[in-house]
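Reading through the structure tokens given below for one structure.
The values are calculated or read from the model by the stated rules, or taken from the named source; none is laboratory data. All values derive from a computational prediction rather than experimental measurement. In this analysis, Cβ positions are derived from the backbone assuming ideal geometry, glycine residues included, and neighbour counts consider all displayed protein chains.
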Amino acid sequence: MEKSTENNKNQNFLKEGLKGDISTHHKEYLGTTIPKDYFAQSKLSILDKIKEEARVEEDSKKQNVFYLQPQFKYIAAATLVFILSLTVWLQNSNNSNLEIETNFEEFTFSDDVLINSLLIEDLEIDAFAEATLFNEVVVKAELTEQKIDNLILNSLIVEDSLLDNYIDDELLETIIL
Amino acid sequence: MSKDAELVKKLKNPALKDKAFSELLNVYQERLYWHIRKIVGTHENADDVLQNTFIRIYKSIANFKEKSSLHTWMYRIAYNESIRFLDKNKKRSYQNIETVSDTSLQVLFEDEYFDGDEIQKKLNTIIDGFKEKQKRVFQMKYFDDLSFRQISEVLDVSESTLKSTYYAAVKIIEQKIFL
């Protein structure tokens, strides 16, 4: 009797398929359970995640639209060219200012003169100014002029010496040949 | 028009999509959860995969060509997501030497949401001993109540092969369960 009951149990074990509640069916056969109100909470969590994903996707789309617009590319390229040319121009203008400053330095009064000017009495200031002007400006200008002349002369001498060398060589070649 | 076809139409309409998606969750969330749970084992894993599955469904519903039923299409997504999850976990477990020895059955029996008696543990053990395809066929037919046609669309196997595989599995269980 006991054996026949077991046989029936054996034969009927998988006879009943899914009837009604799927969670009960799983619990009954596999022993798997779920937390209380799981599906309600999970639904909310899924909907929240989808909203978040949609928002992130929208943000990235907006970013793509900005980058994909051709006018933005042209604006970006033009800005880059402008910045580059501005940098080059500023660098050049800085260099020329430096040269001008260097040149001016030669024509400014030395500190000694300026200090002396404070110690001179009012009556003698005209004579002092004249002398200073002569010493500081005219003499300096003449010295600069001399420097330039020397440079030109040197270059001429060098050129002449090269020419002499060349003539000598030519002469030697002509004589030997 | 069937209920599913109507739902698909609403899901493809941007103005009705969110409401229709909520409806879709009411109808399929529980079924897909159990389908996933049997593949990935624990409740925590199933919860993760279920979320990923529905996010994928939401994102790709516009590309659903309706060559199969909505039901089958969603089961296939859930199945692929579960397999992807297992593969990812397998790679991770190779890096972590402590988890290598854990079989899926051990993990299931230790899960907080497993309350099985001896017979239920035995059934789980017998099913776990099946080859991968046989296991899935039996689970989809017996627990998910899918038709052979639907299973053949999800697993891409002919209906006749599925039938013989399923009945062979049933026979094995009936022979072993009360031994």
Please count how many residues of the range B:144-160 are without any contact (Cβ under 8 Å) to a residue 40 or more places away in the chain and surrounded by fewer than 21 Cβ atoms within 10 Å (Cβ to Cβ). 10
Within the range B:52-95, count every residue that is surrounded by fewer than 15 Cβ atoms within 10 Å (Cβ to Cβ), assigned to a loop (DSSP other than H, G, I, E, B) and either at positive phi or of a type in the set (Gly, Ala, Ser) (or both). 1
Residue among B:173, B:177 that is modelled with pLDDT under 90 and either under 20 Å from residue A:24 (Cα atoms) or not assigned by TED's automatic domain parsing to the domain that holds residue B:75 (or both): B:177
When you check residue B:37 against the structure, is it in the same structural domain as residue B:72 (by TED's automatic domain parsing), within 12 Å of the chain's Cα centre (by Cα) and of a type in the set (D, E, K, R), yes or no? yes
Which ones in the range B:18-51 are surrounded by fewer than 21 Cβ atoms within 10 Å (Cβ to Cβ) and outside any helix (DSSP H, G or I)? B:42
Residue check for residue A:153: at pLDDT 75 or above, within 50 Å of the chain's Cα centre (by Cα), part of a helix (DSSP H, G or I) and among the hydrophobic types (A, V, I, L, M, F, W, C): yes
Run down B:141, B:121 and say which single residue is modelled with pLDDT of 90 or more and surrounded by fewer than 19 Cβ atoms within 10 Å (Cβ to Cβ). B:121
What tally of residues in the range B:102-118 results from selecting those that are of a type in the set (A, V, I, L, M, F, W, C) and either surrounded by fewer than 18 Cβ atoms within 10 Å (Cβ to Cβ) or on the phi > 0 side of the Ramachandran plot (or both)? 3
One residue from B:49, B:40 being of a type outside the set (Asp, Glu), within 25 Å of residue A:24 (Cα to Cα) and at pLDDT 95 or above: B:49
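Listed residues A:62, A:49, A:9; which is of a type outside the set (Phe, Trp, Tyr), modelled with pLDDT of 90 or more and assigned to a helix (DSSP H, G or I)?
Within the list A:62, A:49, A:9, the selection yields A:49.
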Out of curiosity, is residue A:31 within 30 Å of residue B:171 (Cβ to Cβ), at pLDDT 70 or above and loosely packed, with under 10 Cβ neighbours inside 10 Å? no
